[in-house]
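Engineer: Attaching a single structure in structure tokens format; questions to follow.
The values are calculated or read from the model by the stated rules, or taken from the named source; none is laboratory data. The structure presented is a predicted model; accordingly, all values stated were derived computationally and were not measured. Cβ placement follows ideal geometry from the backbone for every residue including glycine, while neighbour counts extend to all protein chains displayed.
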Amino acid sequence: MTRHQLSLLLLAGFLCMLHVHAFAQQKVRAEKIGSRIDIHIGNLFFTSYRFDTNEKYPFFYPVNGPSGASVSSMRNGTYPHHSSLFFGCDMVNGGNYWQEGLDRGQIVALRAEIEQPDEFTVIIHNENIWTRPGANAPIKDIRKITITSTTKDIFQLDFDVTMEMLEDVTIKKTNHSLFSGRMDPDLSVVNGGTMINAEGDKGEKATFGKPSPWIDFYGPRGTGIEGMAIMQHPSNDWYPSPWFTRDYGFFSPTPMYWPVDDTQTLLAKGEKVTLRYRVLVHSGDHVAAGIDSHFETYQKD
């Protein structure tokens, strides 16, 4: 083979790789309908970002996997404050921005706008005020939510939030805090699913209170496996936060249940806290989905 033929062969291989990558990358589109934003990936409905004024806080529901079924659940009689995939906090200056009861505290959307930089990316810009009757608003938050999908088997949601303290803030020790996911009961550990962290620990007893970069939660669905992983970015304050986990399907990286002084977290007026999380909704278990390698890529972002 001549050098010229070899060069043509290498060029053809490179172009083939580019074609495969482009084919694998799925188009994403968004539509704002009233107080929600619907996201579609390829031909599938992925999720709705919901911010109705009658809700406790903005949240995502459903969160559909590649099968088309939701990996998350939307409340139940025992835990009506678990709204699929969400961000909130209890015990904030005497208010509750997590559990039911709007008079106790509410995270209200001031704006929610769609940006589409290209056909493979949707970005939601969302600004919220934390408010309750008879009290000053303690926090304003600005969220940047980016949805992409590089393969048909993984949907990616990046949730970046900056919390600005509008006054001195005291968050008493609470397990109800920050970014959280509630799995569909069919995928829970109690129903045969698997919850595993980056160190390979499995289940509630082994993962509860343990700091870890990520946890993946998955279970049998039809003839395959489907699940959802939550990752913490290394730039986050309190990284890696310990996880509050439950075998029935709840998981959340939360420093507020393990504060430095064991009683409360103090944040000064004007202080800003930026937290970044990546959610991967995927087919297969954590090995098949390559969760560990996805985190290695994420931590470099």
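Engineer: Report yes if GLY101 is out of contact with any helix residue (DSSP H, G or I) (no Cβ under 7 Å at 6 or more places or on another chain), more than 22 Å from GLN264 (Cα to Cα) and of a type in the set (Gly, Ala, Ser), otherwise no.
Structural biologist: It is true that GLY101 is out of contact with any helix residue (DSSP H, G or I) (no Cβ under 7 Å at 6 or more places or on another chain), more than 22 Å from GLN264 (Cα to Cα) and of a type in the set (Gly, Ala, Ser).
Engineer: Right, next: Of all residues in the stretch 95-118, how many are modelled with pLDDT of 95 or more and in a loop (DSSP other than H, G, I, E, B)?
Structural biologist: Number satisfying all stated conditions: 2.
Engineer: Residue by residue through the stretch 82-132, note down the ones that are among the acidic types (Asp, Glu), touching a strand residue (DSSP E or B) at 6+ places or on another chain (Cβ under 7 Å) and closer than 17 Å to ARG50 by Cα.
Structural biologist: Correct list: GLU113, GLU115, GLU127.
Engineer: MET231 fails exactly one of the following numbered conditions: (1) more than 30 Å from PHE120 (Cα to Cα); (2) surrounded by 24 or more Cβ atoms within 10 Å (Cβ to Cβ); (3) in contact with a Lys or Arg (Cβ under 6 Å, 6 or more places away or on another chain). What is the number of that condition?
Structural biologist: (1)
Engineer: Restricting attention to the stretch 199-248, which residues are more than 15 Å from the chain's Cα centre (by Cα) and charged (D, E, K, R)?
Structural biologist: Hits for the stretch 199-248 are GLU199, ASP201, LYS202, GLU204, LYS205, LYS210, ARG221, GLU226, ASP237, ARG246, ASP247.
Engineer: Same structure, new question: Is it the case that the stretch 142-164 has a residue that's crowded, with 22+ Cβ neighbours inside 10 Å and more than 18 Å from the chain's Cα centre (by Cα)?
Structural biologist: Within the stretch 142-164, none of the residues are crowded, with 22+ Cβ neighbours inside 10 Å and more than 18 Å from the chain's Cα centre (by Cα).
Engineer: Restricting the search to the stretch 137-188, which residues are touching a Lys or Arg at 6+ places or on another chain (Cβ under 8 Å), among the hydrophobic types (A, V, I, L, M, F, W, C) and assigned to a loop (DSSP other than H, G, I, E, B)?
Structural biologist: LEU166
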